[in-house]
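In what follows, a single structure is set out as structure tokens and then discussed.
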Amino acid sequence: MISKQEVVIKSLGSMMQGIQGVSGGAILGDGNIALILDPASLVSAA
């Protein structure tokens, strides 16, 4: 293991649920926000 990071994973609100390829969001340990991608839906959309 190279590093360890704690994150808080949250589901997206109703306003962003319809976005294809994005399944959630994460608040990283340093306070930054990252989107959690769904690779299967990204590939099927191409």
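For the reader, a short list of remarks on this structure follows.
- In terms of its C-alpha gyration tensor, the chain comes out oblate, because a/c is 1.5 or above while a/b does not outweigh b/c.
- Over the chain, DSSP H runs of length four or greater, each weighted -39,500 (n - 2.57), average out per residue to a 222 nm ellipticity of -4000 deg cm²/dmol.
Quick note: the coordinates plus some simple rules give every number you see, no bench work behind them. Note that the structure is a prediction, hence the values are computed from the model and not measured.
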